[in-house]
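Written below as structure tokens is the structure these notes are about.
Bear in mind that the values in this text are calculations on the coordinates, not laboratory data. These numbers come from a predicted model, not from an experiment. Don't worry about glycine lacking a Cβ; one is built from the backbone with ideal geometry, like all the others, and counts go over all protein chains shown.
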Amino acid sequence: MYVKSVTSDWQFEDQPANLAWREKMEQLANQPGGKEELHEALRKQDESAAERIHQNNTRKVIRALELIHSGKSAPDPLSQTNPALLYDVIIIGLEMERSKLYSRIEQRVDRMIDQGLVQEVERLYEEGYAHTQAMKAIGYKELVAYFEGEYSFEQAVDRIKIHSRQFAKRQLTWFKNKETVTWFDMGAEPKSEDFQGIVKFLEGIVQDVSK
């Protein structure tokens, strides 16, 4: 969706957030059985939206209910599957051996830890931001769970690596299925000649357009 919002005529919601109402729903969601109650409320008002949105996706359930509460219908992203392109777009994708990719992801997580990720999340946690939307990002939510005693530190780091690998896999799957991408194989380790090949590819396109 982020790519299409730049390259295509993607239509966004124009309904502003009702923060007071949303906070009330979030408090309900945090109660025992609250998620189920909210999802059932959505099902009663918009069954198709309830089918699209899993009950554990609290943020989307609440947003759908919020729109219905304001007199609008819950958005259906499938209705914008192929929005019109705004530009002539060339998307370049880089591939490498999956095992090597996962190894590099894990090394990146280790560097993030070494460079102060734990201290950053701890500061935000102590300032009261533990359960904000931003803290649900990979690398943050796992450390919040560590601070709250759900995981050991080692388990939290391991979960960051697992979730990062899963996210990378979803990204690759999405781009291969949803976008027209010219893929370049980086092999086990990217080399300068690999990037020179990309430059030559783009130069060829520019020359064709200039003719």
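Observations on the structure shown:
- Counting only alpha carbon atoms, the long axis of helix 19-29 and the longest principal axis of the chain meet at about 80°.
- Contour excess over end-to-end distance, with Cα ends at LYS60 and GLU150 and 0.36 nm allotted per residue: 29.9 nm
- Based on Cα contacts under 8 Å between residues 6+ apart, segment 88-182 shows a relative contact order of 38 percent.
- Pairs of Cα atoms nearer than 8 Å and 6+ residues apart set the relative contact order; for the chain it is 20 percent.
- Between 0 and 90°, nearest 10: helix 58-69 axis offset from the chain longest Cα axis: 70
- Proxy reagent accessibility, fewest Cβ within 10 Å first, across ILE53, ILE160, ILE68: ILE68, ILE53, ILE160
- The fewest-to-most ranking of ILE90, ILE105 by surrounding Cβ atoms within 10 Å reads ILE90, ILE105.
- Residue order, fewest to most surrounding Cβ atoms within 10 angstrom, among LEU124, LEU94, LEU19: LEU19, LEU94, LEU124
- Inter-probe distance in nm under a simple model that places probes 7 Å from Cα toward Cβ, at GLN31 and GLN207: 6.9
- Summarising the amide proton neighbourhood of TYR151: residues at separation of 5 or more, or on other chains, whose placed amide H is nearer than 5 Å comprise TYR146.
- Normalised by 2.2 N^0.38 Å, where N is the number of residues, the C-alpha radius of gyration of the chain stands at 1.28.
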